[in-house]
Amino acid sequence: MLYVLWYRFSIVTGLRKRFFPLCHFNVRSDFYEILNPIIRPNNFCDDESSIVEAEGLLEGYLTFYSKHKKFVGNTPDWFLNPFNGLKYQNPQLHWTCLPDFDPNFGDIKNIWEISRFSWLIPLALAYTKTGKKAYLSCMNSWLNDWNTKNPVNIGPNWKCGQEASIRVVNLMNASLILGTYQNPSPTILDYIYLHLTRVQANIRYAIAQNNNHGTSEAVALFIGGAWLSGIDPIRYPLAEKYSTRGRKWLENRVSILVAGDGSFSQHSTNYHRLFLDTMIFAEVWRRKLGVKELSSEFYKSVKLAVSWMEYFTDPLSGNALNLGSNDGASLLRVHGCDYRDFRPTIQTSNALFNQIRKYPAGIWDQPLAWLGISLPSVPDKQLKVKNKLFEGGGYVYLKSATSWCIIRYPKFRFRPSHNDIFHIDLWHKGENILIDSGTYSYHQSDKKQIFNLKSVHYHNTVSFDNEEQMPEISRFLLGDWLEADFVSRIRSSEGLQFWEGQYTTNKGYTHHRMVSSKGNNWQVEDKLSGAFSAAIIGFNFTVADYLIEENMIIMPWGKIVIPKNTKFKIINSMASHYYQEIHTILRLEISISTAGLFTTRIELKQ
């Protein structure tokens, strides 16, 4: 807290600007030079997705957030917001003089996305597969133009240390794919050195955030510094220091941000995946460079985080809960799977850290080939997960026949992002039956369309008197963090399994929720008390083809039985599965006017 206050003071007063001098980078050669014959790995279940994407890039089309194909031109305008056509104002100013959010421009992430250099990866993959020189020429020409238009420490693309760190990772991984990492060009080494200098000078701010900023920046310093010091320690005298500092902060961040049950600090499936992807790159490059192992505590925590991801990912579809904040980040891009498929990260991290595999052969194996990771021949026989209470992160996992669910309860070591207490996510035969809402965007300048999907009104839980469970203080901060009055163990009796918990708001409203299942029948009991005027029990679903019969809603997958003596309605609501994407869903709202016990049953077809 004190450091953040000092940081903001140094920004406002101009003191921080002195630490980040302007630098015009001189390109000494092409960023990527192919000196040797291309060595193509034997890819597992390879596909043509990278070639298709690379061809699109040659035509000027880039995919934002793994979803939105936008025309950016053969040489992109690095300061154009393609979602609204607006250009960033004053990109010639020092980054410390620029606002975090400009209502006259829109979401700054829309220009940060293209400046993460993620487009290097499909171009490198396509060149390695085909030898088509146009792909390599595109990589070099775009990098040259970006360098010209973005002098070091000038403009919005130098504002965030994590963005600079992601550029480092993508620059290094493209070199790995092309097979030039042992003999890289002097230009790419010089450029990475400048990026690392920018990152290390401000990493304490990233550490203060207690999120993926710290882990991403630590990994960039660790592997980037090790790469440079191993090649030319004289030209890059501070590289070893950067690597040592990155190692220190990486081990520090993992020990603090990963709980004993594998939960990550950000309460988000996508940020959890981002964390694992950066850990994958840290370990892959550590091995490539022959650097000594990280601490045993580091590997233990990462393995726990891998296990957590398995619980939150559907084993049939590879999709995962739409839990928490989702900014569209996707670093492990060397595969043809959809953004919503978490199997590449789970398969790769298990092979790397546990020497096992979780899935049979598929396109999710592609990262193993490109990163040079051996694929274990025998799948892990303990693929099926059992009921589990995640006491470090505040989650309950229940499994029953062909369905499973996760319930969120209040347990906060770090700041919560969504008002989703007692949200229940239900899955059946690979389909998400009761869904979470997602994020859409961190910045919405169109006041006519505000989709505050982190609100309690977009989650499968209870709201009292149309108020939030925790008040919103700022864009990324909620206040009055809730604590559970009690949380039970998971219990079972005669084929019935159940869990229950309770919390009380600062206004004295109490919500007690019990979730139970037997076979494929689920039951959600909500006991509400306190001096509230009205409450809503809400559930999100996506099925448009439904029937209402008295107090039952008939779905293709089963039915929802509404609590007796209550009124209900089905309304249009919103959800987002990709950043900057919004779509209509349906929401069941059960109106409650008095305190009492209300039971909702979900009966699934076999």
Give me the residue from the range 586-596 that is within 17 Å of Gly508 (Cα to Cα) and among the aliphatic types (A, V, I, L, M) and, out of that set, farthest from the chain's Cα centre (by Cα). Ala595
Select from the range 554-603 the residues that are of a type in the set (Gly, Ala, Ser), more than 30 Å from Asn84 (Cα to Cα) and assigned to a strand (DSSP E or B) and list them in ascending order. Gly558, Ser591, Gly596
List the number of the failed condition for Arg333; all other conditions in (1) more than 21 Å from the chain's Cα centre (by Cα); (2) surrounded by 21 or more Cβ atoms within 10 Å (Cβ to Cβ); (3) assigned by TED's automatic domain parsing to the domain that holds Asn210 hold. (1)
Ile256 vs (1) at pLDDT 95 or above; (2) among the aliphatic types (A, V, I, L, M); (3) buried (at least 18 other Cβ atoms within 10 Å of the Cβ): all pass except (3)
Which one is modelled with the lowest pLDDT among residues in the range 22-33 that are closer than 25 Å to Gln92 by Cβ and surrounded by 10 or more Cβ atoms within 10 Å (Cβ to Cβ)? Arg28
Could you say which residue among Thr594, Thr510 is in the same structural domain as Ile424 (by TED's automatic domain parsing), hydroxyl-bearing (Ser, Thr, Tyr) and closer than 27 Å to Asn452 by Cβ? Thr510
Pick out, from the range 508-553, the strands (runs of 3 or more DSSP E) lying fully within it that include 1 or more residues that are crowded, with 17+ Cβ neighbours inside 10 Å. 510-518, 521-529, 535-541
Could you go through the range 228-242 and let me know if any residue there is buried (at least 23 other Cβ atoms within 10 Å of the Cβ), within 30 Å of Ser417 (Cα to Cα), in contact with a Leu (Cβ under 8 Å, 6 or more places away or on another chain) and at pLDDT 95 or above. no
Taking the conditions exactly as written (outside the structural domain of Val456 (by TED's automatic domain parsing) and not hydroxyl-bearing (Ser, Thr, Tyr)), does Arg408 satisfy them or not? no
If I filter the range 488-506 down to residues being surrounded by fewer than 18 Cβ atoms within 10 Å (Cβ to Cβ) and among the charged types (D, E, K, R), which single residue comes out as farthest from Pro471 (Cα to Cα)? Glu494
Index of the failed condition, Gln606 passing every other in (1) modelled with pLDDT of 95 or more; (2) outside any strand (DSSP E or B): (1)
Report yes if Ser296 is surrounded by fewer than 21 Cβ atoms within 10 Å (Cβ to Cβ) and farther than 30 Å from Leu178 by Cα, otherwise no. yes
If Ser377 meets every condition in (1) more than 30 Å from Gly179 (Cβ to Cβ); (2) modelled with pLDDT under 90; (3) over 23 Å from the mean Cα position of the chain (by Cα) apart from one, which number is that one? (1)
If we keep just the residues of the range 402-416 that are assigned to a loop (DSSP other than H, G, I, E, B) and of a type in the set (Lys, Arg), which is nearest to Glu391 (Cα to Cα)? Lys411
Matching residues, the range 204-217, being in a helix (DSSP H, G or I) and either under 17 Å from the mean Cα position of the chain (by Cα) or within 17 Å of Asn270 (Cα to Cα) (or both): Ala206, Asn212, His213, Gly214, Thr215, Ser216, Glu217
Considering only residues that are within 20 Å of His423 (Cα to Cα) and among the hydroxyl-bearing types (Ser, Thr, Tyr), look in the range 527-576 and name the one that is farthest from the chain's Cα centre (by Cα). Ser529
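The values are calculated or read from the model by the stated rules, or taken from the named source; none is laboratory data. All values reported here derive from a predicted model rather than from experimental measurement. Backbone-built Cβ (ideal geometry, glycine too); neighbour counts: all protein chains shown.
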